[in-house]
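I have placed the structure first, in the form of structure tokens, so that the comments after it can refer back to it.
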Amino acid sequence: MPGIMQSLSMAGLQLMTPASSPMGPFFGLPWQQEAIHDNIYTPRKYQIELLEAAMDHNTIVCLNSGSGKTFIAVLLTKELSYQIRGDFNSDAKRTVFLVNSAKQVDHQVSTIRTHSDLKVGEYSDIELAESWTKEKWNQEFVDRQVLVMTCHIFLKVLKNGILSLLKINLLVFDECHLAIQEHPYQEIMKICESSQTCPRILGLTASILNGKCDPFDLEEKIQKLERILKSNAETATDLVVLDRYASQPCEIVLDCGSFIDKSGLYQRLLSEVDDALHFLDDCNISSLSRERDSILISKQILSDCRAVLLVLGPWCADKVAGMMVRELQKYIKHEQELLHRKFLLFTDTILRKIHALCEEHFSPASLDLKFVTPKVIKLLEILRKYKPYERQQFESVEWYNNRNQDNYVSWSDSEEDDDEDEEIEEKEKTETCFPSPFTNILCGIIFVERRYTAVVLNRLIKEAGKQDPELAYISSNFITGHGIGKNQPRNKQMEVEFRKQEEVLRKFRAHETNLLIATSIVEEGVDIPKCNLVVRFDLPSEYRSYVQSKGRARAPISNYIMLSDSERIKDFEEDLKTYKAIEKILRNKCSKSLDSGETESDPVVDDDEILPPYVLRQDDGSPKVTINTAIGHINRYCARLPSDPFTHLAPKCKTRELNDGHFRSTLYLPINSPLRAPIVGPSMNCARLAERAVALICCQKLHEIGELDDHLMPVGKETVKYEEELDLHDEEETNVPGRPGSTKRRQCYPKAIPECLRNSYPKPGQPCYLYVIGMVLTTPLPDELNFRRRKLYSPEDTTRCFGILTAKPIPQIIQTMTHSLRSIGLDIGPRSFDDIFLINYWKHPS
């Protein structure tokens with residue numbers, strides 16, 4: 001199997017880590033800034049890619065639960081909202097959002113109302129809907145712009161001719177995979193097929209990959225769904241670890257062997273726990289306790305203890321037994337019913353017996369590796385390979401002493417100003433471990449199945465770090481998902497636990513801890529940094545689990561290691577082949593996906609004969625851009641445009657095939673680039689050459705308008721620093737305090753002032769206009785972006801607000817302006833300036 005290595009011993013396992021990389025030890029560190037791509041355009045967020053696909057053609061969005069499928073539907077609704085604003089009885093249309101059951105209506109309505117100002121109607125009672133007259137329905141269509149209803153109600157509306165498809169601009173199918181079976185979705189699509197005009201269709205599905213699935217069945221299912229919904233299925237890097245813009249992790253399946261315990265302790269402990277569980281199974285007490293199961297807690301505790309014994313060994317079983325005894329004491333103390341109390345005391349006795357048996361063989365005070373499983377031994381050996389560098393290794397090496405500081409990034413080099421240092425407490429400063437190649441090169445996750453496994457494995461790794469100097473660098477913690485992402489009300493204890501878990505994530509994001517032991521909660525939906533080591537302590541049981549955990553290994557040099565027992569490795573090889581086949585199918589469905597073979601087979605040569613390079617001067621050594629280096633220049637330019645942590649600036653390139661079989665690309669730069677007109681490239685014989693050719697033309701235009709300097713480097717916030725390195729200016733001109741982009745190094749960018757705001761100061765005795773800006777906090781600033789640890793205040797909780805007082809009226813904002821403001825994070829409600837809502841975040845004014 002390509003890309004998969006199986007090894008029976010660690011001696012044959014060669015891990016590529018930053019320490020062993022041929023690129024040098026300062027390449028590929030997990031906290032480094034994004035690399036600038038040279039052969040493809042900088043990737044854009046997958047939500048934007050899917051939104052653009054949905055705007056262009058009928059689309060089926062295949063994303064995981066919690067990955068924002070509904071949000072993409074809301075974005076599309078807003079992009080097309082100009083078609084539904086206005087009078088329904090004249091030109092305005094309506095957007096229809098279909099769900100499978102009545103209970104789903106409320107959730108979708110709430111989401112649309114939260115993220116837009118559109119008027120939403122909800123229809124879930126089919127009996128009530130059938131009793132409405134055509135006039136009543138028509139009034140609903142006049143009053144509402146988005147109609148969220150069950151598919152059964154909509155089918156009745158269509159069949160009775162109450163709403164014509166001509167008056168619908170967008171039809172959203174939630175859980176669209178149901179259309180494969182006998183379902184109202186199928187009948188709705190048949191009506192659409194028979195109509196002369198069909199609205200834009202957007203299908204949303206997460207269940208197409210639930211559980212184990214056969215690759216052939218999956219492909220057939222996707223094709224059938226595309227055929228029924230007259231749409232193209234699209235997924236994104238969220239579901240397919242394509243990450244065509246970065247290197248794939250090295251995948252390794254490691255055979256750890258079987259656990260051989262010569263002392264007999266392992267079998268003795270297993271026998272004790274199994275006998276206790278069999279005893280509980282034989283207790284027929286269901287008739288005695290109707291309210292709750294008397295043995296449920298006991299069974300759960302002993303089952304967890306048994307799982308820890310099997311996976312981690314006797315040493316960890318002893319530790320977990322001690323933890324469980326302490327937890328049991330709380331249950332026993334508050335248990336009033338005698339039968340329940342007796343079973344809890346029985347479980348307590350078994351756990352104490354386990355602890356007593358372990359004490360006969362080893363001291364609980366220190367880690368004894370004879371009593372842990374081979375998986376644990378292999379894990380520790382893997383972690384030793386990520387030991388940080390020693391400075392003396394590089395003190396005599398010329399490239400280290402002459403290194404450019406841009407080669408690595410220290411977390412302490414944040415964009416905080418000196419005048420704000422007092423905001424950070426001294427305690428926080430001393431506890432923070434700023435990463436460098438000499439303190440840490442690891443950013444890793446270990447995935448386990450059970451909560452107790454995560455807790456005890458974390459304890460084992462900490463103990464190993466005390467005894468082994470090569471593991472002392474590890475700062476580990478665990479997260480189990482307890483209380484995270486739950487919709488039920490939290491009690492006080494759950495709230496405390498939730499805050500603890502959030503603090504664990506914050507420290508991991510800030511690289512204060514470098515190893516996280518986690519259950520499946522971190523596989524998807526939780527935002528964490530790029531990792532250079534991901535270990536599956538338990539083999540993935542389905543494709544979704546495999547691809548999500550693998551997707552966490554996104555650092556430039558990363559390893560994805562799956563630990564297996566000898567008896568399971570053969571069966572898992574077949575599962576892995578299936579996962580690879582599924583990934584290949586989904587890769588072909590990835591939005592804007594490229595044929596990886598095409599990219600790899602492109603010759604890296606100077607194609608000057610195809611398109612001459614752009615040369616500044618006709619002499620040797622003159623700066624020039626060739627067709628092969630142009631994309632890198634464009635990406636570098638976009639990366640240095642002024643932006644904040646929320647904005648993802650990237651060029652957009654659209655390539656289309658011409659009638660003669662050639663290709664032509666059009667390049668769009670970010671909105672804050674002075675070069676705003678689309679750049680159209682020449683006709684080329686393949687898509688890749690077309691993309692490179694348009695980039696070369698764009699470089700020439702950027703230089704002509706002064707956006708690239710005479711060294712063909714971007715004139716932006718990094719230019720001063722670059723010129724310092726080349727000694728292009730006198731010392732007094734370059735000796736500017738502060739880092740580029742910080743408030744201590746301010747730079748000027750050209751700004752235009754609209755006519756309505758010129759000479760518009762209010763004057764006494766003359767009419768003036770007051771525009772109030774209403775703001776709502778919808779998405780709090782996440783910890784990983786809140787570098788300064790500032791508290792965020794909800795604007796709804798204060799009577800203060802922002803406003804504009806002007807002598808001139810401000811005209812309505814046209815649609816193109818609305819679209820432009822949305823792209824930088826501003827969402828405009830009604831098309832007048834009176835109701836502007838800032839949806840990114842809002843900070844309390846200082």
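The values are calculated or read from the model by the stated rules, or taken from the named source; none is laboratory data. Because the structure is predicted, anything quoted here is derived from the model rather than measured. Neighbour counts are summed over all protein chains in view; Cβ atoms, including those assigned to glycine, are modelled from backbone coordinates with ideal geometry. For accessibility, only protein heavy atoms count, side chains too; no ligands or nucleic acids. Shrake-Rupley method; radii C 1.70, N 1.55, O 1.52, S 1.80 Å.
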Within the stretch 446-455, the residues that are buried (at least 22 other Cβ atoms within 10 Å of the Cβ) and of a type in the set (A, V, I, L, M) are I446, V448, A454
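On the given criteria, is I582 in contact (Cβ under 8 Å) with a residue 40 or more places away in the chain, assigned to a helix (DSSP H, G or I) and either in contact with a strand residue (DSSP E or B) (Cβ under 6 Å, 6 or more places away or on another chain) or open to solvent by less than 10 Å² (accessible area, probe 1.4 Å) (or both)? Lay out the reasoning, then the answer.
Working: in contact (Cβ under 8 Å) with a residue 40 or more places away in the chain: yes; assigned to a helix (DSSP H, G or I): yes; either in contact with a strand residue (DSSP E or B) (Cβ under 6 Å, 6 or more places away or on another chain) or open to solvent by less than 10 Å² (accessible area, probe 1.4 Å) (or both): yes.
For I582, the condition - in contact (Cβ under 8 Å) with a residue 40 or more places away in the chain, assigned to a helix (DSSP H, G or I) and either in contact with a strand residue (DSSP E or B) (Cβ under 6 Å, 6 or more places away or on another chain) or open to solvent by less than 10 Å² (accessible area, probe 1.4 Å) (or both) - is met.
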Answer yes or no as to whether Y123 is open to solvent by less than 20 Å² (accessible area, probe 1.4 Å), more than 23 Å from V61 (Cα to Cα) and not aliphatic (A, V, I, L, M). yes
Options L594, L669, L649: the member that is among the aliphatic types (A, V, I, L, M), within 23 Å of L50 (Cβ to Cβ) and modelled with pLDDT of 90 or more: L669
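Which one is nearest to S81 (Cα to Cα), of the residues in the stretch 126-137 that are open to solvent by 50 Å² or more (accessible area, probe 1.4 Å) and in contact (Cβ under 8 Å) with a residue 24 or more places away in the chain?
Start the filter on the stretch 126-137 by keeping residues that are open to solvent by 50 Å² or more (accessible area, probe 1.4 Å), which leaves 126-128, 130-136.
If we keep only those that are in contact (Cβ under 8 Å) with a residue 24 or more places away in the chain too, we end up with 126, 130, 134.
Numbers: I126: 27, E130: 28, K134: 25 Å.
Filtering first and then ranking leaves K134.
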Starting from the stretch 334-363, keep only residues that are at pLDDT 85 or above, then list their pairs with residues that are polar (S, T, N, Q) whose Cβ atoms are within a distance under 7 Å, requiring at least 6 positions of separation or different chains. F343/S294; F343/S298; L344/S298; F346/S298; T347/S298; H361/S263
Could you grab the pairs with beta carbons closer than 7 Å, sequence gap of 6+ or different chains, first residue in the stretch 791-810 and closer than 30 Å to N759 by Cβ and surrounded by 14 or more Cβ atoms within 10 Å (Cβ to Cβ), second one at pLDDT below 80 and aromatic (F, W, Y)? I810/F833
Any residue that is assigned to a strand (DSSP E or B), modelled with pLDDT of 85 or more and closer than 17 Å to T513 by Cα - is there at least one of those in the stretch 536-550? no
